[in-house]
Amino acid sequence: MPEKGEPDNGWYISLDAGERVITNPLASSVGAVFFTTFVPKPDICEYGGSTYLWGVRHDTGGSLKNSFKGKAILQVSTGVIEEVNLRTQFTDKVATNETVGRRTGAMDGVPPTEQGLSIVIPPKPTKKVLHIRER
């Protein structure tokens, strides 16, 4: 957070050398932003590379701290449909002063361009009781 009187320029993430975002981010209604990054293979004559899924808090860019139940589903260029557990698989790229990562391990293949990521998160439990009365 900026000191009093300093401008708030938001947050950003410094990616590894060669790593790039080629898909649209996906914002969820529970305060998280998900996006994929891609690192091409070092040999420019080879096709493909590694895909990573990032999950960050929308307000700070920090980790989700194991607060999510659910799955992310993503099909990469190899044809494999990757299923990522949102609670346990963010183990890489630990943000400052946090013990849980913001990025998954590498998945072989290229992510889809634009949007190809699906997030399945169970709804929050309701706190109200619904009474139905028959006529």
To the nearest 0.05, what FRET efficiency results for A17 and K127 with a Förster distance of 41 Å applied to their C-beta separation? 0.30
Positive minus negative residues near D16 (Lys, Arg vs Asp, Glu; Cβ under 15 Å): +3
1/(1 + (r/R0)^6) with r = Cβ-Cβ of D8 and H58, R0 = 25 Å, i.e. FRET efficiency to nearest 0.05, evaluates to 0.95
Give me I121, I44 ranked fewest to most by other Cβ atoms within 10 Å of their Cβ, as a rough exposure proxy. I44, I121
Specify whether the C-alpha gyration tensor of the chain places it in the rounded, prolate or oblate class, a ≥ b ≥ c being the square roots of the eigenvalues: rounded for a/c under 1.5, otherwise prolate if a/b is larger than b/c and oblate if not. oblate
Under the Karplus relation with 6.51, -1.76 and 1.60 and θ = phi - 60°, whole-Hz ³J(HN,Hα) for the range 109-115, x at Gly and Pro, equal x, 9, x, x, 7, 6, 10
Taking every other residue with Cβ under 12 Å from the Cβ of G105 and scoring Lys and Arg +1, Asp and Glu -1, one gets -1
Of the cross-linked pairs K41/K69; K69/K93; K93/K127, which ones have a Cα-Cα span greater than 26 Å in the structure shown? K41/K69; K93/K127
Could you list K127, K41, K71 in order of exposure, starting from the residue whose Cβ has the fewest other Cβ atoms within 10 Å? K127, K41, K71
Distance in nm between A27 and S77 label points, each 7 Å along Cα→Cβ, equals 3.0
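Laboratory data are not the source of any read-out in this text; all were calculated from the coordinates shown. Note that the coordinates shown come from a computational prediction; the quantities given were computed from them, not determined experimentally. Here the Cβ is made from the backbone with ideal geometry for all residues, glycine too, and neighbour counts use every protein chain on show.
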